[in-house]
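Working notes for the structure below.
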Amino acid sequence: MKIESLKIENVGGISSLSIEKFDPKLNIICGENGIGKTNILDSIAHCFSQLSNFILKRKSNCVNGYITIVCDFNRIEPYTCLIESFEPRDYNQNPYDFRSKLLANFDSNYSNLIYFKTERLFSHKWISSLEIYDEVENHLKNLDGVSIQLAKDWFIKNELLSSQPYTNDNDKNSIELAKKAFGILNKSYSFSALKQDMEIYINTPTGIIPYEYLSSGFKTCITIVWGIIREVQVRFPDIFVKDFNGVVLIDEIELHLHPEWQGKICNALTTLFPNIQFIISTHSPHVIQTAEANEVIALSRKNGHLEKRTLDIAPYGFKGWTVEEILTDVMGMRDTRTEWFRSKQKEFDNALDANDVLNANKIFNELRLKLHPSSTDLALSRFQLDMLNGRYK
Ligand SMILES: Nc1ncnc2c1ncn2[C@@H]1O[C@H](COP(=O)(O)OP(=O)(O)OP(=O)(O)O)[C@@H](O)[C@H]1O
Ligand SMILES: [Mg+2]
């Protein structure tokens, strides 16, 4: 299943928005704080969730809100969900039930959509006994996001079962993939062992540690990778996660990650899960820097409406762009320099125009102390000062 297009009207803070085409593999939503990124992900998740969920609200002062979603199986008749103040309900009376198709995979009772909200960290949990059956009742509460508390029990149970002769290849492969997750962004980390104390131990450059001792960045990756593997295994026991072709939503993918890892995470996920359609939100230029042109959904507000900006200037993607270029031309940042720099630069230009040698030298010395030693702005200012000082005639 792939999501193809989405229309939102009067939901949360969004008056109207139309995303005509989603990329089948990766979609990176960016835009300023409060523009509606989480709202878009919530709206998508809502269409795949039980109707008793009240998290999503119509826009204040509006009578109703609507979400219209088109997937690859309902192109002819899009599904529209009505968002009222209290109980949301279906809007269009389709001849056959699209909603049930959104809520459930064709071959299973479970939804094809997995949602990671911004909670990614976990703390230590004692495992005294293991549940035989994993919790599957929550699969339709997609709006609540994946529960990260269930991952440890899931891993331990499956690791213990993986050595049993009756365990099928699918389950064995899933647990092997879960073990690989520790090294996806740094190869010097790897799974060590599940010991008798029911703790999961990891090889790290500073020794063997329980997995809860890992840094926030590692925990973030484990939460997402294990979350996907676990949800697929629990909902669709016959499908190996690499073959799973559902949708994964991730809000603020860069959370807790160093810029270097922000630049690797999308590629790591799309390689590990080649058939999943990812729809993620981000504030990170490093995430966008790894994207192809059709993978970026840059939002801006126009006349009170939200729209996807056309990024014609990058028909071949952003892999050759600098972070500064992405910040200004994609993410809509007005200036990447500080207020201090801009006003000093102006003072310097005024001193040059007034042939004020004393003041120009004074301001240049201030700039010299604070700018990067190899800054081109600094080199240009030095050249201009030399001209003023009469060094070039
Ligand atoms: N029912 C509502 N009616 C009107 N506006 C609302 C409603 N619910 C939320 N909002 C507004 O919508 C915005 C929230 O949007 P959202 O959380 O999607 O932003 P975001 O792009 O994810 O921002 P951030 O980057 O800070 O997470 C807020 O500005 C909030 O004031
Ligand atoms: Mg948000």
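So what are the ³J(HN,Hα) numbers for the stretch 379-387, from phi and the Karplus equation (6.51, -1.76, 1.60; θ = phi - 60°), rounded to whole Hz, Gly and Pro as x?
So the Karplus estimates, Gly and Pro as x, are 4, 5, 5, 4, 4, 5, 5, 4, 4 Hz.
Less than 13 Å apart at the alpha-carbon level, and either on another chain or at least 8 residues along: which aspartates and glutamates does that give for Lys25?
Straight-line reach from Lys25, under 13 Å: Glu4, Glu292, Glu295.
For n ≥ 4 DSSP H runs only, could you compute -39500 (n - 2.57) per run for the chain, divide by its residues and tell me the 222 nm figure to the nearest 500?
Rounded to the nearest 500, the figure is -10000 deg cm²/dmol.
Under 18 Å Cα-Cα from Lys219, which lysines qualify once same-chain neighbours fewer than 8 residues away are excluded?
Filter leaves Lys117, Lys125, Lys152, Lys179, Lys180, Lys187, Lys264.
Going out from 0 in 20 Å bins, what whole percent of all Cα-Cα distances in the chain drops into each bin?
Going from the shortest bin to the longest, the percentages are 24, 46, 22, 7, 0.
Report, by chain and number, residues whose modeled amide H sits under 5 Å from the one on Ser192, excluding near sequence neighbours (fewer than 5 apart, same chain).
Under 5 Å from the amide H of Ser192 lie the amide H atoms of Tyr201, Ile202, Asn203, each far enough along the sequence or on another chain.
Amide H neighbours of Leu26 under 5 Å, counting only residues 5+ apart in sequence or on other chains, H built in-plane at 1.01 Å?
Phe278
Under 8 Å for C-alpha pairs, at least 6 residues apart: give me the relative contact order for the chain, rounded to a whole percent.
Worked out over the chain, it gives 18 percent.
Are there any trypsin sites (Lys or Arg not before Pro) in the stretch 244-326 that are in a DSSP loop and have at most 11 other Cβ atoms within 10 Å? List them by number.
Hits after loop and neighbour filter: Lys319.
Enumerate the calculated ³J(HN,Hα) couplings along the stretch 299-304 in order (Karplus 6.51 cos²θ - 1.76 cosθ + 1.60, θ = phi - 60°), each rounded to whole Hz, writing x wherever the residue is Gly or Pro.
Calculated HN-Hα couplings, in order: 9, 9, 9, 9, 6, x Hz.
Which ³J(HN,Hα) values in Hz, rounded to whole numbers, follow from the phi angles of the stretch 329-344 under the Karplus curve 6.51 cos²θ - 1.76 cosθ + 1.60, where θ = phi - 60° and Gly and Pro get x?
8, 10, 8, x, 6, 5, 8, 8, 9, 7, 4, 4, 5, 4, 6, 5
How much net charge surrounds Gln277 when only other residues with a Cβ under 13 Å from its Cβ are counted (Lys, Arg +1; Asp, Glu -1)?
With Lys, Arg at +1 and Asp, Glu at -1, the net is -1.
Which percent of the Cα-Cα distances in the stretch 339-388 go past 15 Å?
35 percent
What net charge do the residues around Phe191 carry, taking every other residue with its C-beta under 10 Å from that of Phe191, with Lys and Arg at +1 and Asp and Glu at -1?
0
None of the figures in this text is laboratory data; all of them are computed from the coordinates on show. All figures in this text were calculated on a predicted structure; none of them were measured in a lab. Cβ sites come from the backbone with ideal geometry, for glycine too, and all protein chains shown count toward neighbours.
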